[in-house]
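Peer 1: Let me begin by handing over the structure; questions about it come next.
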């Protein structure tokens, strides 16, 4: 599949005739300050310390510098439901917040508004792509990308996924492959395997896990195709990606894959 640049993808999105571009998103009944206040009122310092370790926020780690309020995802989802529809100004302000949970709230608001308002989807995708580097941890990407970007490309050219896969930004690359979950659920596996092949040489463990995870999901639809992919690319497949990909294989087959070539 030919690559297209991001601006081309966005222009094509706005030109789409099936779902017309929207003017402005409907204002939220809560201001930015009220949304943040709803979260900070539920802050849990002990949980925040645990999350800081879990999401690897130490120096040199993938989440370096990220800060947490200590709020669980279901609580953030409940607050997102209270916020109602969301305008671009609110989203941009929330995504600039130093706290992880506030940025997660922004992503959940985008995904919720995308699902509810077909006429606003082009604008939502535009906002999401422009701000994707701010979704700077694996949960922020995984909880939003296939509900927004994956669904969007399921009806259109997938070139934007290949553009993201070539990015130097870890989170954009992760979004490229995880977004194909929406395609897998439709029984469309070509892009998952093609993107996985392009991403096999990514140096980050988080990418190895993502590639293996999506290969496993594709394998649930077509086990023979997964095994053929693993056989064809076996020397290049990182060990973590392989373990994730074969997780649902029977134990003897898992052992055979893990000891292959020894």
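Peer 1: For the stretch 56-69, state whether one or more residues are surrounded by 19 or more Cβ atoms within 10 Å (Cβ to Cβ), over 19 Å from the mean Cα position of the chain (by Cα) and in contact (Cβ under 8 Å) with a residue 12 or more places away in the chain.
Peer 2: Yes - at least one qualifying residue is present in the stretch 56-69.
Peer 1: Identify the single condition in (1) under 20 Å from the mean Cα position of the chain (by Cα); (2) crowded, with 21+ Cβ neighbours inside 10 Å that residue 98 does not satisfy, given that it satisfies every other one.
Peer 2: Unmet condition: (2).
Peer 1: Suppose we filter 167, 176 for residues that are at pLDDT 95 or above and surrounded by 21 or more Cβ atoms within 10 Å (Cβ to Cβ); which single one remains?
Peer 2: Among 167, 176, only 176 is at pLDDT 95 or above and surrounded by 21 or more Cβ atoms within 10 Å (Cβ to Cβ).
Peer 1: I'd like the residue in the stretch 160-172 that is touching a residue at least 24 places away in the same chain (Cβ under 8 Å) and out of contact with any helix residue (DSSP H, G or I) (no Cβ under 6 Å at 6 or more places or on another chain) and, out of all such residues, is nearest to residue 141 (Cα to Cα).
Peer 2: Looking at residues that are touching a residue at least 24 places away in the same chain (Cβ under 8 Å) and out of contact with any helix residue (DSSP H, G or I) (no Cβ under 6 Å at 6 or more places or on another chain), I get 170.
Peer 1: Then there is this: Considering only the stretch 41-126, give the helices (runs of 4 or more DSSP H) lying wholly within it that have at least 1 residues that are under 25 Å from residue 164 (Cβ atoms) and in contact with a strand residue (DSSP E or B) (Cβ under 9 Å, 6 or more places away or on another chain).
Peer 2: 100-116
Peer 1: Kindly provide the set of residues from the stretch 108-154 that are under 21 Å from residue 188 (Cβ atoms), buried (at least 19 other Cβ atoms within 10 Å of the Cβ) and more than 14 Å from the chain's Cα centre (by Cα), ordered by number.
Peer 2: Within the stretch 108-154, 114, 121 meet the criteria.
Peer 1: When you go through 206, 258, 195 one by one, which is the residue that is under 21 Å from residue 152 (Cβ atoms) and in contact with a helix residue (DSSP H, G or I) (Cβ under 8 Å, 6 or more places away or on another chain)?
Peer 2: Step by step, each of 206, 258, 195 is checked, and only 195 is under 21 Å from residue 152 (Cβ atoms) and in contact with a helix residue (DSSP H, G or I) (Cβ under 8 Å, 6 or more places away or on another chain).
Peer 1: Name the residues in the stretch 155-164 that are part of a loop (DSSP other than H, G, I, E, B) and either touching a strand residue (DSSP E or B) at 6+ places or on another chain (Cβ under 6 Å) or buried (at least 22 other Cβ atoms within 10 Å of the Cβ) (or both), would you?
Peer 2: Across the stretch 155-164, the qualifying residue is only 158.
Peer 1: Considering each residue of the stretch 17-61, count those that are over 17 Å from residue 104 (Cα atoms), at pLDDT 90 or above and touching a helix residue (DSSP H, G or I) at 6+ places or on another chain (Cβ under 9 Å), and give that number.
Peer 2: Selection size over the stretch 17-61: 1.
Peer 1: Right, next: Looking at (1) closer than 20 Å to residue 113 by Cα; (2) in contact with a helix residue (DSSP H, G or I) (Cβ under 6 Å, 6 or more places away or on another chain); (3) without any contact (Cβ under 8 Å) to a residue 24 or more places away in the chain, find the lone condition where residue 130 falls short.
Peer 2: It fails just one condition, (2).
Peer 1: Hey, another quick one. Restricting attention to the stretch 240-252, which residues are free of Cβ contacts under 8 Å to residues at least 12 places away in the same chain and either under 23 Å from the mean Cα position of the chain (by Cα) or assigned to a helix (DSSP H, G or I) (or both)?
Peer 2: Hits for the stretch 240-252 are 251, 252.
Peer 1: Going through 93, 81, 48, 38 one at a time, which residue ends up being surrounded by 13 or more Cβ atoms within 10 Å (Cβ to Cβ) and under 21 Å from the mean Cα position of the chain (by Cα)?
Peer 2: After ruling out the rest, the residue left standing is 93.
Each row is one residue, and each column tells you yes or no for (1) closer than 25 Å to residue 163 by Cα; (2) assigned to a loop (DSSP other than H, G, I, E, B); (3) under 19 Å from the mean Cα position of the chain (by Cα).
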position	(1), (2), (3)
206	yes, no, yes
210	yes, no, yes
227	no, no, no
232	yes, no, no
254	no, no, no
260	no, yes, no
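The values are calculated or read from the model by the stated rules, or taken from the named source; none is laboratory data. The structure presented is a predicted model; accordingly, all values stated were derived computationally and were not measured. When we count neighbours, we look across all protein chains shown, and the Cβ atoms used for this are built from the backbone with ideal geometry, even at glycine.
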